[in-house]
1. What strands (runs of 3 or more DSSP E) lie completely within segment 105-224 and have 3 or more residues being closer than 21 Å to residue 92 by Cα?
2. Looking at 179, 211 in this structure, which one is at pLDDT 90 or above, surrounded by fewer than 16 Cβ atoms within 10 Å (Cβ to Cβ) and either more than 18 Å from the chain's Cα centre (by Cα) or not assigned by TED's automatic domain parsing to the domain that holds residue 158 (or both)?
3. When the residues of segment 111-127 are filtered to those that are under 15 Å from the mean Cα position of the chain (by Cα) and within 25 Å of residue 218 (Cα to Cα), which remaining residue is modelled with the highest pLDDT?
4. All but one of (1) closer than 27 Å to residue 209 by Cβ; (2) touching a residue at least 40 places away in the same chain (Cβ under 8 Å) hold for residue 188; which doesn't?
5. Do you know which residues across segment 80-104 are polar (S, T, N, Q) and assigned to a helix (DSSP H, G or I)?
6. Could you say which residue among 5, 26, 9, 37 is surrounded by 11 or more Cβ atoms within 10 Å (Cβ to Cβ), modelled with pLDDT under 75 and on the phi > 0 side of the Ramachandran plot?
Amino acid sequence: MLFLSRKLSLPRPTIYDALHVLEDKSLVVSQELNGKSVFSIGNPEHLLQMLDTTSEEIVQARKSMEEILPQFLHSPRVTEPKIKMFSGREGGQQVMRDILWYKDITTYTLWPVNKMIDIITPEFLEWHNKRRVAKNISLESIRKFDDTQVDTEKYPYLGIRAEDLRTVKYLPKGIDFSMSYWIYGDNVAFISAGKELYGFIVHSKEFVEMMKIHFDLLWKEAKK
């Protein structure tokens, strides 16, 4: 006990309290030896049983949350910030994760894909594409003319395979941009693929309606 107290920099009573908690869970066993309490490791199978039980509880909790989440999202008591800001590569990834709260919808993007590969990382984009498809989120995407050269052999999940639920059009040559947007639900997510490297989400039905007009105009000018 003195060894644990010194090793963990904790007083002995705290160590005893923690051991008694583990004892209640059958993870350690105590016995009296020469008037002192001696603790030893319990049957390791108990730990496996606890992990199995915990895993089942987490799965059930997630399932329950997914069932009631739509009610929360549409509840008038839910107050969502109109604008949420993020910074850095992790911030850009967090913006994209927000899209995955939805399912069975069509979304719309203005997307400089070659720049996004470097900023968001190929690994994250592949993961995000799988999750998006699993949630049946289809995508109409406008890209730069230069993005026709994206290496779809190296990055097949960025192409136009039927299973990726993505339709792509390209703007005329010479039109360049580094700021992207993604329209989904009542939100528009923006991510900078330039030097500024930041992102933000605007939650507003009126703003979505305005941005959809912008997207539709570009979609008419873009070519497959």
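The values are calculated or read from the model by the stated rules, or taken from the named source; none is laboratory data. What you are looking at is a predicted structure, and each value in this text was computed from that prediction instead of being measured. Quick reminder, even Gly has a Cβ in these numbers, built from the backbone with ideal geometry, and neighbours come from all protein chains shown.
1. Ranges flagged: 106-110, 138-143, 179-184, 187-192, 198-203.
2. Values: 211 fails: surrounded by fewer than 16 Cβ atoms within 10 Å (Cβ to Cβ).
Within the list 179, 211, the selection yields 179.
3. Step by step, filter segment 111-127, then rank; the result is 125.
4. For residue 188, the exception is condition (2).
5. Scanning segment 80-104 gives 93, 94.
6. Residue meeting the stated conditions: 26.
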